[in-house]
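Remarks on the structure that follows.
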Amino acid sequence: MFKDIDDLSDSSVLIVEDSSLTQKVLSACLDGLCKVDCVFSAEDAIQHCLDNPPDLILMDWILEGMTGLEACKKIQAMDELNDIPVIFVTSNTNENQQELCWDAGAVDFLGKPIVARTLVNRVRTHLKYKRQTDILKQYSFFDGLTEVFNRRYFDMESQRLFKQNLRQQQNLAVVMLDIDYFKFYNDHYGHLQGDDALKAVAKVAVKMVNRPLDSVFRYGGEEFAVLLPNTDKDGAQKIANAIVDAVKGLELPHCKSRFDVVTVSAGVAIGKYGQYDSVQSLINMADKALYQAKDSGRSQAVI
Ligand code: GH3
Ligand code: MG
Ligand code: MG
Ligand code: MG
Ligand code: MG
C-alpha cells in the first residue's frame with residue numbers, strides 16, 4: 001500500500017505546453033525520473049486530470065484557448081483536483097506576472113528558457129512533497145488492516161455529506177454492517193484468521209458498492225459503515241442485501257455459526273432531506289435496524 005518515498009518512477013507529471021519542441025525538451029529533462037504525459041491545451045489538461053490525475057503539473061501560461069493561469073484557477077477550485085501541485089513554466093517572468101501565478105494557486109515558478117537541473121530538482125522536490133502528503137493521507141484516512149476508510153474519515157465524510165445533502169436537498173443513506181458470531185470465530189480460528197476474514201468482508205463490501213460517490217468505512221472492530229449519498233430506500237436496501245448475500249457467498253467456513261459460514265447483518269437508515277437533524281441520529285437509526293437484523297436471526301438486512 002505504501003511506496004518508497006525516494007522512488008518516483010511511479011509518479012506522473014503532466015506537461016501542458018503548446019510547443020511540441022518545448023514538450024520534447026521538458027520531457028527529455030525528466031526522462032528516468034518519473035512518468036510524463038503531454039497535452040497542448042488547458043482544456044485537454046483539465047480533462048486529462050479528471051481521467052487520470054497526475055502528481056504534478058508543469059503549466060505553460062500562453063496557450064491557445066484557455067490560458068494556463070485560468071486552468072490553474074479552475075483546477076484549484078475543483079475538490080477532486082486541487083491537491084495536484086502546479087508549477088508554471090513560462091516566459092512571462094516579470095514581477096506582476098509572477099504575482100498572478102501565485103494568486104492562481106501555483107506552488108512554484110520557472111522562467112523560460114529553462115535550466116535543466118533547476119527543472120529536475122524542482123520537479124523532484126514537489127513530487128516528494130506530493131508523495132509524503134499522499135502517504136500521510138493514507139495513514140490518517142485508511143484502516144491499515146482492511147484498507148477501507150477508517151473511523152476518523154467516516155466522522156469527517158459523514159458530516160460533509162450531511163451538509164452537502166442539505167444544500168442539494170438530497171437523501172443520504174447509511175448501512176451499518178456487523179459480522180455475525182465473530183467472537184466465536186476468533187476464539188475458534190484465532191485472531192490472525194479473524195483478521196483475514198475482516199479483510200475478506202471489507203473487500204466484498206467495496207466490490208458491491210460501485211457508484212463512485214459511495215464509500216465503505218471500518219466503523220469499529222468488526223463493524224463497517226457504508227455511506228450512500230443521494231440514495232433512496234430501494235437503492236440502499238439493494239446494496240445492503242447484495243453485501244449480505246455476497247459475504248455469505250464467500251463461503252468462509254465458520255463452524256461456530258449456525259450458518260456454517262461467515263455472515264454479516266446489516267441495518268439501513270435513510271436520511272430523508274429535511275427529516276433528520278444530524279448524522280448521529282441517522283447512525284442511531286441504522287444501529288436500531290442492525291439490532292433488529294441480529295434479533296431476527298442474523299445474515300439479513302433490515303431497514
Ligand atoms: P454478533 O453476531 O452479535 O455480532 O456477535 P459477535 O461475536 O460478532 O459480537 P461481539 O461484539 O461479541 O464480538 C466482536 C468480536 O470482534 C470480538 C473481537 O475480538 C472481534 N474483533 C474486533 N476487532 C477485531 C480485529 O481487528 N481482528 C480480529 N481478529 N477480531 C476483531
Ligand atoms: Mg509555449
Ligand atoms: Mg505557450
Ligand atoms: Mg459488533
Ligand atoms: Mg458481530
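Start at zero, step by 5 Å, and the Cα-Cα distances of region 14-145 spread as 2, 10, 21, 24, 21, 12, 5, 3, 1, 0, 0 percent across the bins.
In a simple Cβ point-charge model (Lys, Arg +1; Asp, Glu -1; nothing else charged), the chain has a dipole of about 760 debye relative to its Cα centre.
For residue 130, a cut-off of 23 angstrom between C-alpha atoms picks up these lysines, skipping any fewer than 8 places away in its own chain: 3, 35, 73, 74. Compute for region 137-278: radius of gyration divided by Kirkwood radius, i.e. Rg/Rh, restricted to C-alpha atoms, rounded to two decimals. Radius of gyration relative to Kirkwood radius: 1.00. The alpha carbons of the chain stretch over 73, 45, 25 Å along the principal axes, in descending order. Annotation: for a label point projected 7 angstrom from Cα along Cα→Cβ of residue 213, residues of region 133-173 with backbone N closer than 15 Å are 157-173.
Enter the Cα centre distance for the pair region 143-209 and region 84-121, rounded to the nearest angstrom. Centre-to-centre (Cα) distance: 43 Å.
Ordered from longest to shortest, the equivalent ellipsoid semi-axes for region 96-155 are 35, 16, 5 Å, each the square root of 5 times a Cα gyration tensor eigenvalue. Across the alpha-carbon set of region 39-105, the Rg to Rh ratio works out to 0.94, Rh being the Kirkwood radius. For the chain, hydrophobic long helices are taken as DSSP H runs at least 30 Å long by C-alpha position along their axis with mean Kyte-Doolittle hydropathy of -1.0 or more; these are 116-141. The mean sequence separation of alpha-carbon pairs under 8 Å and at least six residues apart, normalised by the residue count of the chain, gives a relative contact order of 14 percent. Under a no-solvent Debye model with one identical scatterer per Cα of region 162-245, what's log10 I(q)/I(0) at q = 0.12, 0.15, 0.17, 0.20 Å⁻¹? Scattering profile of region 162-245, log10 relative to I(0): -0.40, -0.58, -0.71, -0.89. When the alpha carbon gyration tensor of region 241-301 is reduced to an equivalent ellipsoid, its three semi-axes come out at 28, 11, 7 angstrom, largest first.
Coordinate-derived values only; no laboratory data. These numbers were taken from a predicted model, which means no experiment stands behind them. Note: ideal-geometry Cβ built from the backbone for every residue, glycine included; neighbour counts use all protein chains shown.
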